[in-house]
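The structure appears right after this line, and notes come after that.
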Amino acid sequence: MPGFSTRAIRAASRARPVAQRPTSVPIYQTATFSADSVDELAEAVAERDGGYAGYGYSRLGNPTVDALGDAVAELEDAEAGFALASGMAAIHAALLSVAGAGDRIVATRAVYGSTQSLLVRVLGRLGIRTDFVDVTDLGAVERALAAEPARVLYLETISNPTIVVADIGALATIAHRHGALVIVDSTFASPYLVQPLALGADLVVHSATKYLSGHSDVLAGVVVGGRDRVHAVRKLQVDTGATLAPIAAFLVLRGLPTLAIRMERHAATAASLASWLEGLYGVDRVFYPGLASHPQHAVATRQLRLPGGMLAVELTGGRGAGAAFVDALTIPERTASLGSIHTIVAHAASTTHRQLDATALAAAGISPGLLRISVGLEDTDDLRDDFAAALSVTRPAVGADGEAPRSPA
Ligand SMILES: Cc1ncc(COP(=O)(O)O)c(C=O)c1O
C-alpha cells in the first residue's frame with residue numbers, strides 16, 4: 001500500500017464526477033488540469049477555433065474564468081469574451097494585442113487616470129505614441145486621424161470623471177474610414193446601458209470591479225469582441241500573466257444576474273440627485289447625461305438605455321469646498337472606486353486622477369474641485385439629506401436643509 005502522504009495527496013485531489021449541472025458556476029480553484037496521456041495534454045493546450053481545445057494550466061484557461069468571459073460576451077452580443085485580473089489588465093492587453101512599436105493611438109482626452117498613465121508612460125516607453133483629442137468634437141477627431149495613420153481610436157462610453165458621453169457610432173465610422181480600430185472602455189455604462197460593438201466598436205473593455213460585480217469586493221476586467229481579436233487578448237495575457245483568480249470570476253458572475261435591477265436603481269437615484277443638485281446654491285455645475293443641460297444629452301438619450309449612475313459636480317469654492325463637502329458626508333464612502341452598492345464620492349484631482357499634473361488635469365477637462373459621485377443603492381432620501389447637510393457645512397450661507405435660493409444673488 002502506498003505511504004500516508006502519497007495516499008493523502010491522491011485522496012485530497014480526487015474530484016467527484018458530477019452528472020447534474022450545478023445551478024451556479026463552480027469555482028475551479030486549481031492551477032492545473034491532468035490528462036490521461038502526454039498526447040491528451042498536448043491536445044488540451046492546443047490552439048483551436050480561436051481558443052484552446054481544453055484545459056491544462058489555469059493561466060491559459062480556467063472554466064470559471066471562461067464562464068465569466070462567455071457571460072459578458074453574451075450580454076455585449078459579442079462573439080467572444082475573456083476575463084483578466086483587473087480593468088487595467090484588460091485595457092493593457094486589449095491595446096497591446098493590436099498596437100506595437102511605431103504605432104500611434106488617438107485617445108479621448110477625457111480618460112481614466114491610470115489609462116492616461118498607461119498610454120503616456122508605459123506604452124510611450126515602448127514606442128507607441130498617443131495623441132489626446134476632444135471626442136465630442138467630431139471634426140477634431142477626423143483631423144487627428146487624418147493627420148497621421150493611427151492604429152487605435154480609444155474611447156470611454158461615459159468618461160471618468162467628467163461624464164463626457166462619446167458618440168460611439170459616429171466616432172467608429174470616422175475611425176474605420178481612416179483605418180483605425182475602435183476600443184471602448186464601457187465601464188461606466190455596463191452592458192445594460194449600451195452595447196458598443198453594435199455601434200461599430202472592435203473591442204470593448206470593462207473594469208468588472210465596478211458595475212459588473214457591483215459590491216466593491218473584487219478586482220477584475222473583461223474584454224469582448226470578435227473571436228480572433230479576443231483570442232489575441234488571451235494570448236497576450238498568457239504571456240504577460242494578468243490572470244484572473246477563479247474566486248474573483250465567481251464573484252463577478254454572482255453580480256451579473258442583478259446588473260439590470262441595480263442599474264435601474266442607480267440611475268433612478270442619480271437622476272433624482274442630479275436634478276435636485278442642479279441650480280442649488282453652492283453648486284456651480286452638475287454633469288449628468290440625463291440632464292437637459294448636459295452637453296451630450298442628445299447623444300446620451302439616443303445611445304444609452306438609461307443615463308447611468310455616475311455624476312460629477314463642481315461646488316462653489318473649488319477644491320476647498322469639495323474637500324469640506326466630502327469630509328462632511330456620513331453615508332458615502334470616502335474611497336476611489338465606483339459602480340458599487342455603496343455611494344462613493346471621490347475628489348478626482350487627488351484620487352482617481354492623481355497621476356495627472358495641473359496641466360494634464362486641465363487638458364482632460366478636470367477642474368481642481370471636481371467631485372465624482374457614484375450613486376449607490378442606499379435610499380434616495382437619505383442620500384439627499386446627507387448631501388444637503390454637507391452642503392450646509394460647505395456653504396454656511398445656505399439653509400440647514402441645503403434648499404437655499406436656487407438663483408443666488
Ligand atoms: C473607466 C475605468 N476604466 C478602467 C478602470 C480600471 O479598473 P481596475 O481598477 O479594475 O483595474 C477604472 C477604475 O477606476 C475606471 O474607472
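The values are calculated or read from the model by the stated rules, or taken from the named source; none is laboratory data. Everything quoted here is computed from the prediction, not taken from an experiment. Ideal geometry is used to build each Cβ from the backbone, glycine not excepted, and the neighbour counts take in all protein chains shown.
Before moving on, here are some points about what is shown:
- Flag if residue 214 is without any contact (Cβ under 8 Å) to a residue 60 or more places away in the chain, at positive phi, touching a Ser or Thr at 6+ places or on another chain (Cβ under 9 Å) and of a type in the set (Gly, Ala, Ser): no
- Candidates 334, 302, 285: the one that is more than 22 Å from residue 135 (Cβ to Cβ) and charged (D, E, K, R) is 334.
- Across the range 242-251, not a single residue is classified as without any contact (Cβ under 8 Å) to a residue 12 or more places away in the chain and either within 16 Å of the ligand (Cβ to nearest atom) or under 30 Å from residue 46 (Cβ atoms) (or both).
- Count of the range 183-223 residues, restricted to those that are among the β-branched types (Val, Ile, Thr), more than 14 Å from residue 304 (Cβ to Cβ) and buried (at least 24 other Cβ atoms within 10 Å of the Cβ), is 6.
- Residue within the range 133-146 that is modelled with pLDDT of 95 or more, surrounded by fewer than 22 Cβ atoms within 10 Å (Cβ to Cβ), under 19 Å from residue 232 (Cβ atoms) and charged (D, E, K, R) present: no
- Which listed residue, of 274, 323, 298, is farther than 22 Å from residue 67 by Cβ, at pLDDT below 95 and either in contact with a Gly (Cβ under 6 Å, 6 or more places away or on another chain) or not basic (Lys, Arg) (or both): 323
- Within the range 311-324, one or more residues are in a loop (DSSP other than H, G, I, E, B), among the hydroxyl-bearing types (Ser, Thr, Tyr) and closer than 20 Å to residue 163 by Cα.
- Boolean, residue 308 is away from the ligand (no atom under 16 Å from the Cβ) and either surrounded by fewer than 21 Cβ atoms within 10 Å (Cβ to Cβ) or under 18 Å from the mean Cα position of the chain (by Cα) (or both): no
- Screening the candidates 123, 84, 95 for the property of being more than 18 Å from the chain's Cα centre (by Cα) and either of a type in the set (S, T, N, Q) or modelled with pLDDT of 95 or more (or both) yields one hit, 123.
- Any hit, the range 262-274, residues being touching a helix residue (DSSP H, G or I) at 6+ places or on another chain (Cβ under 7 Å), buried (at least 22 other Cβ atoms within 10 Å of the Cβ) and either acidic (Asp, Glu) or more than 24 Å from residue 211 (Cβ to Cβ) (or both): no
- Residue within the range 198-220 that is within 27 Å of residue 302 (Cα to Cα), at pLDDT 95 or above, in contact with a Phe, Trp or Tyr (Cβ under 6 Å, 6 or more places away or on another chain) and within 14 Å of the ligand (Cβ to nearest atom) present: no
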